[in-house]
1. So, R0 is 30 Å and r is the distance between the beta-carbons of Asp36 and Ala210; what FRET efficiency does that work out to, to 0.05?
2. Highest mean first, how do 184-191, 243-250, 256-263 rank when packing is the count of other Cβ atoms within 10 Å averaged over residues?
3. With +1 assigned to the C-beta of every Lys and Arg and -1 to the C-beta of every Asp and Glu, and no other charges, what is the dipole magnitude of the chain about the Cα centre in debye, to the nearest 20?
4. Whole number in Å², please: accessible area per residue of the chain, 1.4 Å probe, ligands, DNA and RNA not counted.
5. Of the residues Ser131, Ser71, Ser239, which exhibits the maximal mean-square fluctuation in a Gaussian network model of the chain defined by a 10 Å Cα contact cut-off?
6. What residues qualify as long-range amide H neighbours of Leu62, i.e. H under 5 Å apart, gap of 5 or more or another chain, H built at 1.01 Å from N?
7. Provide the packing ranking of 195-207, 43-55, 77-89, i.e. peptides ordered by the mean count of other C-beta atoms within 10 Å per residue, highest first.
8. Would you please give the FRET efficiency between Asp46 and Ala17, computed as 1/(1 + (r/R0)^6) with r the Cβ-Cβ distance and R0 = 30 Å, to the nearest 0.05?
Amino acid sequence: MTVPTPPQTPLVDTLNAEMASAWNGADGEDWVAHADRYDAASAAFDPALLDGARITATDRVLDVGCGAGVSTRAAARAAPAGHATGIDLSAPLLAEARRRSAAAGLTNTTFVQGDAQVYPVESGAYDVVISRFGAMFFGDPVAAFTNLARGLRPGGRLALLSWQELARNEWLLVLRRALAAGRPLPEPPGDAPGPFGLSDPDHVRRVLAAAGFEAVDLAGLPGTVRLGADAEDAFGFVSGLGLTRGLLGGLDDHARRAALADLRAQMAAHATPAGVLFGAAAWLVTAHRG
Ligand SMILES: C[S@@+](CC[C@H](N)C(=O)[O-])C[C@H]1O[C@@H](n2cnc3c(N)ncnc32)[C@H](O)[C@@H]1O
């Protein structure tokens with residue numbers, strides 16, 4: 001296959017410019033620093049993604065919002081005579097993905113910087129498009145999935161993981177409640193760019209149908225998110241999350257100390273011999289290009 005040549009300056013749609021700046025700034029740096037923890041946090045959902053993608057030995061796979069590339073490497077291993085390409089907005093995460101792929105001795109991976117919504121994906125170049133919690137952030141999801149469908153050969157498959165609604169994700173509910181410190185926080189809508197951007201099944205079906213996908217299916221995956229080995233480890237991790245930084249930013253010193261104490265107590269309350277575990281629920285979304 002032709003390995004894509006990245007444009008000199010990554011093209012980013014104006015709707016995704018803020019996201020690009022966050023993932024090239026503090027959010028990206030935090031993910032690089034804690035890549036193993038992020039990988040472990042949602043590892044319970046990895047087998048479902050691989051099952052849903054049904055990658056064969058010669059497949060050419062595109063991994064959207066690949067981050068530090070854990071799913072790109074899994075795809076490359078599943079396609080030893082094929083290729084796995086990771087695309088992401090974030091230069092620091094892509095550098096980490098390249099480093100990890102080389103360290104793993106993989107020779108069939110490529111990582112490109114770009115906005116998957118507008119990146120000039122080669123038409124029909126891929127057998128499978130996957131995403132591990134990386135496709136919920138598009139400012140214009142129909143445009144993005146239309147672009148990704150174009151990159152698939154006819155009949156090519158899509159398999160992605162996204163979070164279900166906030167109410168089914170105890171790990172975020174608990175974090176938000178502690179950090180709200182009594183303030184009312186707006187409910188994240190199920191169709192706006194962000195962690196819950198593909199949480200509403202009707203929205204997902206509408207977007208994918210409009211983008212040219214068929215046989216759209218959402219399978220609910222109950223699971224857990226593991227935030228650390230023990231309470232202190234988990235507290236250290238969650239206190240650096242972008243969400244935490246954002247919510248603490250609006251509090252005075254007293255409220256901030258109380259919110260952090262609450263957060264620490266929540267981590268202790270969820271500590272188990274297998275780590276600090278919270279309830280979580282994802283969708284495995286599968287479809288194919290018509
Ligand atoms: C929640 S992280 C998931 C990363 C990785 N898939 C994982 O499971 O660790 C979301 C990723 O999507 C990327 N992303 C967000 N919007 C994007 C876009 N329009 N095009 C490409 N990547 C995007 C971010 O840079 C970030 O690395």
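1. The calculated FRET efficiency here is 0.20.
2. In decreasing order of mean packing, 184-191, 243-250, 256-263 become 256-263, 243-250, 184-191.
3. Taking the Cα centre of the chain as origin, the dipole is about 420 debye.
4. Numbers: 12220 Å² over 290 residues.
Ligands and nucleic acids excluded, the figure is 42 Å² per residue.
5. Evaluated over the chain, the most mobile residue of the options is Ser239.
6. Thr85, Val128, Val129, Ile130
7. Answer by packing, highest mean first, reads 77-89, 195-207, 43-55.
8. Calculated transfer efficiency: 0.45.
The values are calculated or read from the model by the stated rules, or taken from the named source; none is laboratory data. Worth saying up front: this structure is predicted, and the values here are computed from it rather than measured. Cβ: placed from backbone, ideal geometry, glycine included. Neighbour counts: every protein chain shown. Remember, those area values only see protein heavy atoms, side chains included, never the ligands or the DNA or RNA. Shrake-Rupley method; radii C 1.70, N 1.55, O 1.52, S 1.80 Å.
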